[in-house]
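Scroll down for the structure; my scribbles are underneath it.
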Amino acid sequence: MKIAIVGSGAMGGLFGALLAKGGHDVTLVDVWREGVDAINTRGLIVEQKTGEREIVRVRATTDPTEAGVVDLALVFVKCYHTEAAVRASLAIVGPHTIVLSLQNGWGNAARISAIVGADKVLVGVTYHSATLAGAGHVQHMAKGVTHLGGLGGAADARLADLATVFDTAGIEAHVSSSVREQIWSKLALNVCTLPTSSLLRCYAGDLVQRPGTVTLMQALLREVVAVAAALRIKLDYNERWTAISTLLEKATTAKASMLQDVMARRPTEIDVINGAIVAEGARLGIATPHNETLVQLIKALEDGFAKPALR
């Protein structure tokens, strides 16, 4: 399959490397010249948690036209770059191109659909995690299942083919008729953990060791479940809290992606995480005060990035 990865950061780089190793024709597309040059010169370094490293040869470019029209365009840019990145990459989208978003949060698919057409867009959620250690250097922190589905939840023959492509590349993929539930299940996890660990500058595992953050996360989750119910998305509070707390108990030294953004003093994805709960709640007439407070606190933190850090 001919594939373009739009956004070759941590997750885009990881998936690009795995798909290239799986025998597919992969091009990484990114605006970061240093990263693109490193990948083309040396190859993409994929480092496992054990410290084991592998160099994967994969093509990278800052010019989407060099990739040509592809069968699959996999979007992995940060939420605030989605529209600009997709518009800049329209040269890779042909009549039969699948545009798949595996991005964090809620709302990216609607933005992509408005540009390329909803008929081309598939969505999903992945439980792989990765961090960017440097230009062309990805650290693969955790492996997990990737769920794939259509925007409307109807059966789509393209999904089975796509799942096979992923499976043969070592990316365990499940086709879901209820992918919205899968996306919101991970959204619930991110809502509870990303802003809290970012504001407290703590490891994810620390959150369940502090009574105050446990109480806060439970309040955040109740708001997520209430908004999901109004959207007819099935989320069970008890199941989600058990899953979230169990995961956090094992994540003793894991740094949340939003915390990494905050530590690097760069914009976060709060708008499609807690911000999505606030926006949907406002539209549906559901109060989300805890989520709204965390959105404002993260926004205030971001406003301070332009100023020198306190020492």
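Observations on the model:
- Taken together, the residues in the range 223-243 that are surrounded by 15 or more Cβ atoms within 10 Å (Cβ to Cβ), within 17 Å of Val179 (Cβ to Cβ) and charged (D, E, K, R) amount to 1.
- Subset of the range 130-177 (residues that are in contact with a Leu (Cβ under 9 Å, 6 or more places away or on another chain) and under 22 Å from Ala60 (Cβ atoms)): Ala130, Gly136, His137, Val138, Gln139, His140, Val165, Phe166, Ala169, Gly170, Ile171
- Scanning the range 244-278 for residues that are surrounded by fewer than 20 Cβ atoms within 10 Å (Cβ to Cβ), in a helix (DSSP H, G or I) and without any contact (Cβ under 8 Å) to a residue 24 or more places away in the chain gives a single hit, Thr246.
- Residues within the range 177-203 that are crowded, with 21+ Cβ neighbours inside 10 Å and among the small types (Gly, Ala, Ser), tallied: 4
- Residue satisfying all of: in the range 19-57; hydrophobic (A, V, I, L, M, F, W, C) and assigned to a loop (DSSP other than H, G, I, E, B); surrounded by the most Cβ atoms within 10 Å (Cβ to Cβ) among these: Trp32
- For Ala84, the conditions (1) free of Cβ contacts under 8 Å to residues at least 24 places away in the same chain; (2) closer than 17 Å to Gly150 by Cβ; (3) under 20 Å from the mean Cα position of the chain (by Cα) all hold with the exception of (2).
This table checks each residue for (1) farther than 24 Å from Lys299 by Cα; (2) not polar (S, T, N, Q).
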position	(1), (2)
Gly152	yes, yes
Asp161	yes, yes
Ile171	yes, yes
Arg180	yes, yes
Ile183	no, yes
Ala188	no, yes
Thr196	no, no
Met217	no, yes
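- Of the residues examined, Ala228 is one that is within 19 Å of Asn104 (Cβ to Cβ) and in a helix (DSSP H, G or I).
- Yes/no for Arg111 being part of a helix (DSSP H, G or I), under 19 Å from Gly150 (Cβ atoms) and not hydrophobic (A, V, I, L, M, F, W, C): yes
- Scan of the range 186-209 for residues that are among the aliphatic types (A, V, I, L, M) and not in a helix (DSSP H, G or I), ordered by number: none
- The single condition among (1) among the aromatic types (Phe, Trp, Tyr); (2) modelled with pLDDT of 95 or more; (3) within 15 Å of the chain's Cα centre (by Cα) that Tyr127 does not meet is (2).
- Within the range 64-116, the set of residues being more than 30 Å from Val227 (Cα to Cα), crowded, with 16+ Cβ neighbours inside 10 Å and not small (Gly, Ala, Ser) comprises Pro64, Val70, Asp71, Leu72, Ile92, Val93, Thr97.
- Some residue of the range 290-305 being assigned to a loop (DSSP other than H, G, I, E, B) and assigned by TED's automatic domain parsing to the domain that holds Leu189: no
- Cβ-Cβ contacts under 6 Å between residues 6 or more apart (or on different chains), taken from a first residue in the range 6-22 that is closer than 14 Å to Phe166 by Cβ and assigned by TED's automatic domain parsing to the domain that holds Thr82 to a second residue that is surrounded by fewer than 24 Cβ atoms within 10 Å (Cβ to Cβ) and not aliphatic (A, V, I, L, M), are listed as Leu14/His140; Leu18/Gly170; Gly22/Thr168.
- Test result for Ala219, touching a residue at least 60 places away in the same chain (Cβ under 8 Å), surrounded by fewer than 18 Cβ atoms within 10 Å (Cβ to Cβ) and part of a helix (DSSP H, G or I): yes
- Of everything in the range 130-165 that is buried (at least 18 other Cβ atoms within 10 Å of the Cβ) and without any contact (Cβ under 8 Å) to a residue 40 or more places away in the chain, the residue that is farthest from the chain's Cα centre (by Cα) is Asp156.
The values are calculated or read from the model by the stated rules, or taken from the named source; none is laboratory data. Model, not experiment: these values are computed from the prediction. All Cβ positions, even for glycine, are placed from backbone atoms using ideal geometry, and neighbour counts span all protein chains on display.
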